[in-house]
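In what follows, a structure is listed as structure tokens, so that the remarks can point back to it.
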Amino acid sequence: MRIEGTETLHAPRDRVWALLDDPQALASCTPGMQELRPTGPDEFEAVLSIGIAAVRGTYKGKLRITERTPPERYAVQVEGTSGAGFVRAVGVLELEDQGAQTGVRWSGEVQVGGALTLGSRMIPGIARMLAGQFFQCLDRKLQEGSP
Amino acid sequence: MKPPVFDYQDPASVEEAVDVLARHGAAAKVLAGGQSLVPLLNLRLARPEVVVDINRIDALDYLTEESGWLRVGARVRQRRLEREGDVRRTVPLLAEAVRFVGHPQIRNRGTVCGSLAHADPAAELPAAAVAVGARLVAHSRSGIREIPAEEFFTGPLTTALRPDELLVEARFPCTGPDWGWAFLEVSNRHGDYALCGVAAGVRARDGRVQDARLAYAGAGPVPVRLRQAEVALVEHADLEEGIRAAAAEARRVLRPDGDLHASSEFRRHLAAVLTARALRLAWSRASTCSGGAHA
Amino acid sequence: MTTRWLGAPIKRNEDPRLLVGQGLFVDDVQLPGMLHAVVLRSPHAHARILRIDVRRALEHPDVLLVLTHADLPPSLREPLPKLIPHPDLKHHKTQYTLAPDKVRHVGEPVAFVVATSRYAAEDAAELIEVDYEPLPAVVDLEDAAAGRPALVHEDIGTNVAAHSVQRVGDYEAARARADLVLARRFVVDRGCASPMETRGVVAQWDPRARQLTVWDSTQAPIPIRNGLAALFGLAQKDVRVIAPDVGGGFGPKIMMFYPEEVLVPLAAMRLGRPVKWIEDRREHFVATNHERTQIHHAEIALDREGHILGVRTVFLHDAGAYIPYGLIVPIVAECTLPGPYRIPNYHAEFRAVFTNKTIVSPYRGAGRPHGVFVMERLLDLAARELGMDRAEIRRRNFIQPHEFPYDVGLIYQDNAPLVYDSGNYPAALERALEAVDYPRWPEEKARYRAQGRRVGLGFACYVEGSGIGPYEGCRVTVEPSGKVYVATGVGTQGQGHFTSLAQVVAEALGVDVRDVHVVTGDTGAFGWGTGTFASRAAVVAGSAVHLAAQAVRQKALQVAASLLEASPEDLELADGQVRVRGAPSRSVSLGEVARAANPLRGVIPSEWEGPGLEATRYFAPPRGTFSHGVHAALVEVDPETATLRFLRYVVVHDCGTILNPLILDGQIHGGVAQGIGGSFFERLVYDDSGQLLSGSFMDFHIPTAVEIPEIEVIHQETPSPLNPIGAKGAGEGGVIPVPALVAQAIEDALDDLELEILRMPLHPDALFELIQKATRRGS
């Protein structure tokens, strides 16, 4: 399943990039991220509690930064497994310099397995909602000041 | 398909129930009719630590009309909306929409408030609630608040309810004079989630549409009310022109996701087709003053 | 007058018991100390297994056993048996009991957990850690055939398991002299049976008697017994397999083996306690066999009068991840395609292809709906092209009643020549057309159109191969109580065998059908037979029952003759009595005859051939028998919402001698409902990674009573000359022509759009797309 969207972050591109490049800052804005432990260069072990309402699971898995082209392009690959199945996703962020603010074009390719496939009809909506939460959080951090 | 271990609580009063919710927060999940929660439990997609069964709370079992509002307590089964003749008179849209919810066996157990709180974007009752401007009553230890339906649904399966809040009642405004209502949906099989569903209301006076309501199920992440389409309808003096404009507006504005059953394009097409059909039906009911759902 | 039982519309013997909840389904088996098993299945369509760690599951306090491939005895580490070999099946890959190093479809068993409850077993299964390395999934059939994007079985260097060609005459030559040649690509997508009862197995091991008892919701208990005996090194007599009440079979419940059928007995023997495994619906969608996907490149060559000169189909058959059941489905598809028509030149060629999807084996229809869809569509399109009436083109090509036996020229699934035994194809079509008033249809259609309604008429013809060998057997016993006990090896999954087989006996012995008790599917009661498949139970087992009952009848006459001091020729059997014809006061009850046939003292005459009123007989048909029929329906299409409504549905059905018209109607009604489901509602939708997206009844839409119209059945009886009761199979005719009919009806309803429906099943989204394309083309 492919989803995409655009967002505007209210800070110059360099500051946005700096924030994205800080794994802990990234982790703190990722919905449900409970642990992020580096295991190698650009590789992390992650524990996420993702989902919505009652449909929530704890996923253990890996997060890998697969592309980093400062200050324009950033790609991550995530895979996680829980009792309900697995999620694999590739996400790409592209930053566009708009002076005092930054345009973000994002896209994701999501693949699920196990019982999660039964909810496939809702996954794009859920993914967009979670992405929205992620960017809101980033924007809040940017506006709070310190990158 | 057996659920993982959970703790089970069955409070006998609203106060006890909200105490449990306050203690457990997001780890708790309310069980009413169980028509969505129990499958989710058995699939292990839902893993609450505590299931709070509200079926013992007799105080929530009421369906009454009071100063222009139909009040539906949290334990009222969906079937009662179609069985009790008054609903057809007071909130005819509700009586019509509920018949598209699953099958009689499901409606015998499923509750009205449960369907609203579950907030499936393709479900019928949330769209009906948005169309008529229902208000949802949330109860927590810190008090009671009313949430307008349009603010209640915030995402797929997501509502404005806080984890410590219990949805105790849904209030539907009784239909005004000169209004006609209709609910239509397309699903491949009767009783399935709608590929697209439309709730429509029309207020007719002097042979013209004075006011309108249009809300959609299965056309976005939440039930959508489409004010542009309502305006398009009212603006046109000619009814058929207005209907065409409203349908075109629905096709233009709505951006539903595609899934295995229907592409985004097909859903938008259905939204337009159903907009026109539902408006004509609502109009015919408004202009014959019968107002509502015909059995 | 004696009561006629055979052919009477008798209510079913088994229904009172089933309707009050007194059935015995596998999940009703409760044994002291019973344990519960769960299968851990692959969530990936294609992946290497890097590591399995079961330690945490074993630490669960309620867990008694966890099995992975490494824990299996050597005989179970090998791939499971190759069921039905075929010379063209080069790569007969069969599935493993538990996956060793690679998984090839979502749902493939990886580990097996036994605990004190199903809940605990599911909790423990979650504790098993499996590291997978996902591989590209082979999902698209045409890609798969070309070896893209991966190989399902690397060791064979291809995804093509078999390539097979059958030829009649010379298609190329026929094509060269044709006035019209029409070629299309037809697609039939995946479907599955969805029986009300999923699969289930209970096993009990008696370590002192060294006897294994297995309750299994299988369609073939005797082959399962024989296979288990071989795998576990037991005598066949020490393994008892019981297929109790089974809540629907439809084909997929005949396998040898599903892994669970081996794992549950193995666990029971290891632990010395009974073990139960009940498949849940989620498992069922991925772990019980599917069917249907084929892509046909088909061509028809005709003269300008619409006579068929030849037909060619070159098709791909999706086998799924393994091919235990061999080439039955594609062979049945190519052999059903010619149908009731004279096709002098025919070329059928297929490749069976591995994909990373659930295994394919026969499901009600088993290739027949595919063949009929292709043939009927070709005729519809040809008629359109030739400006000919669609009924007329069929009339001009029917095999005529005097041409039987008719040799089609192919080799059928039973390795015997495909020879139609009897039938009356033109009469069946005329009956159907008369029932829907076909001659007046243009006016009717115009009348609907004037009301703004789009209604189409569709009809389709088919021939149904049924009743193949090798054999079935039966033992009929009359006890001193006068009750008759019948035991046969075929299992029953709701077809009414407790009644229809009892009617055959009641007819022969002149007893009330309610006094005839049939036992099926218990190897302890009758140990010879093959199974319930290919619409063969009534034909093959029914004939064996007839032969055994006739033998008992002869013996009853013989024994009663000595009791009544009359000649056997002067006796008749009626109302549970043997009596002297014309002197009804001189009679003995059948029970008394049974007692007399088993005396405590005295002499048994040698011509009695042993004691008791009992006989065992076998029936082995020389080849299959061929039912046929025509369905016709009125279908309303809402072109704006792309939805359908069936207004009328008529079935003309000829399955030879009818044993019980009520039961037959039930078979047909159920079949039509399943056919409608597989034409417009039920879909198995996979994503690019091989995940099944429609794996629950929320998304797999089985039509309900709301969607299924009333079905009118018209019976035609052309008996089969190949068996003593003249019966033919009736299990699949309800399903077979439905996709072809639905396609024709939609095209007729929307004839101004000139649609060509070349894919089944449809669904609203697909129909919407077709309508959109046609509308754009038109404007």
Count of residues meeting criterion [touching a Lys or Arg at 6+ places or on another chain (Cβ under 7 Å) and away from chain B (no Cβ under 12 Å)] in the stretch C:672-694: 2
Candidate set from the stretch C:743-758 (those that are among the charged types (D, E, K, R) and not in a helix (DSSP H, G or I)); member that is nearest to C:Ala382 (Cα to Cα): C:Glu756
Within the stretch C:280-389, helices (runs of 4 or more DSSP H) holding 3 or more residues that are in contact (Cβ under 8 Å) with a residue 40 or more places away in the chain and surrounded by 24 or more Cβ atoms within 10 Å (Cβ to Cβ): C:328-336, C:368-386
Search result, residues across the stretch B:79-100 that are touching a residue at least 40 places away in the same chain (Cβ under 8 Å) and either outside any helix (DSSP H, G or I) or within 14 Å of chain A (Cβ to nearest Cβ) (or both): B:Val91
Test result for B:Cys174, modelled with pLDDT of 95 or more and under 26 Å from A:Ser120 (Cα atoms): no
Single residue of B:Arg277, B:Arg268, B:Arg252 found to be surrounded by fewer than 24 Cβ atoms within 10 Å (Cβ to Cβ), modelled with pLDDT of 95 or more and farther than 20 Å from C:Asp638 by Cα: B:Arg252
Residue match in the stretch C:163-186 (condition: surrounded by 15 or more Cβ atoms within 10 Å (Cβ to Cβ) and closer than 30 Å to C:Leu266 by Cβ): no
Candidates C:Arg273, C:Arg240 - the one that is touching a residue at least 12 places away in the same chain (Cβ under 8 Å) and within 20 Å of C:Ala120 (Cα to Cα): C:Arg273
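Quick grid of which residues meet (1) under 30 Å from the mean Cα position of the chain (by Cα); (2) within 30 Å of C:Pro344 (Cα to Cα); (3) in a helix (DSSP H, G or I):
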residue	(1), (2), (3)
C:Pro149	no, no, no
C:Arg167	yes, yes, no
C:Thr198	yes, no, no
C:Gln219	yes, no, no
1 or more residues under 14 Å from C:Gly733 (Cβ atoms): qualifying strands (runs of 3 or more DSSP E) within the stretch C:581-689: C:625-638, C:643-654
Residue satisfying condition, being surrounded by fewer than 16 Cβ atoms within 10 Å (Cβ to Cβ), in contact with a Ser or Thr (Cβ under 6 Å, 6 or more places away or on another chain) and farther than 30 Å from C:Glu279 by Cα, within set B:Glu65, B:Glu84, B:Glu15: B:Glu65
Residue check for B:Arg162: among the basic types (Lys, Arg) and crowded, with 18+ Cβ neighbours inside 10 Å: no
Qualifying residue in the stretch B:128-140 (condition: more than 14 Å from chain A (Cβ to nearest Cβ) and without any contact (Cβ under 8 Å) to a residue 24 or more places away in the chain): no
Residue match in the stretch C:99-106 (condition: within 32 Å of the chain's Cα centre (by Cα) and either of a type in the set (S, T, N, Q) or more than 16 Å from C:Lys357 (Cα to Cα) (or both)): yes
Given (1) within 14 Å of chain A (Cβ to nearest Cβ); (2) under 30 Å from C:Val329 (Cα atoms); (3) without any contact (Cβ under 8 Å) to a residue 12 or more places away in the chain, index of the condition C:Ala47 fails: (3)
Filter result (within 14 Å of chain C (Cβ to nearest Cβ), among the charged types (D, E, K, R) and part of a strand (DSSP E or B)) within the stretch B:159-206: B:Glu185
Residues of the stretch C:1-23 classified as in contact with a Pro (Cβ under 9 Å, 6 or more places away or on another chain) and either surrounded by fewer than 14 Cβ atoms within 10 Å (Cβ to Cβ) or assigned to a helix (DSSP H, G or I) (or both), total: 2
Residue selected from the stretch B:232-264 under the condition farther than 22 Å from C:Gln772 by Cβ and of a type in the set (Asp, Glu), by the criterion nearest to the other protein chains (Cβ to nearest Cβ): B:Glu240
Considering residues of the stretch A:89-147 that are of a type in the set (S, T, N, Q) and assigned to a strand (DSSP E or B) only, the residue nearest to the other protein chains (Cβ to nearest Cβ): A:Gln111
Residue check for A:Pro71: outside any strand (DSSP E or B) and more than 14 Å from chain B (Cβ to nearest Cβ): yes
Selected residue (criterion: nearest to the other protein chains (Cβ to nearest Cβ)) from residues of the stretch B:102-119 that are at negative phi and surrounded by fewer than 22 Cβ atoms within 10 Å (Cβ to Cβ): B:His103
Conditions (1) part of a loop (DSSP other than H, G, I, E, B); (2) more than 10 Å from chain B (Cβ to nearest Cβ); number of the one not met by C:Val713: (1)
Single unsatisfied condition, B:Ala149 versus (1) out of contact with any Phe, Trp or Tyr (no Cβ under 7 Å at 6 or more places or on another chain); (2) buried (at least 24 other Cβ atoms within 10 Å of the Cβ); (3) small (Gly, Ala, Ser); (4) within 14 Å of chain A (Cβ to nearest Cβ): (4)
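Each row is one residue, and each column tells you yes or no for (1) farther than 18 Å from B:Val186 by Cβ; (2) crowded, with 21+ Cβ neighbours inside 10 Å; (3) not small (Gly, Ala, Ser).
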position: C:Ala673; (1), (2), (3): yes, yes, no
position: C:Val685; (1), (2), (3): yes, no, yes
position: C:Leu692; (1), (2), (3): yes, yes, yes
position: C:Val706; (1), (2), (3): no, no, yes
position: C:Asp748; (1), (2), (3): yes, yes, yes
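The values are calculated or read from the model by the stated rules, or taken from the named source; none is laboratory data. Predicted model only: the values in this text are computed from it and were never measured. Note: ideal-geometry Cβ built from the backbone for every residue, glycine included; neighbour counts use all protein chains shown.
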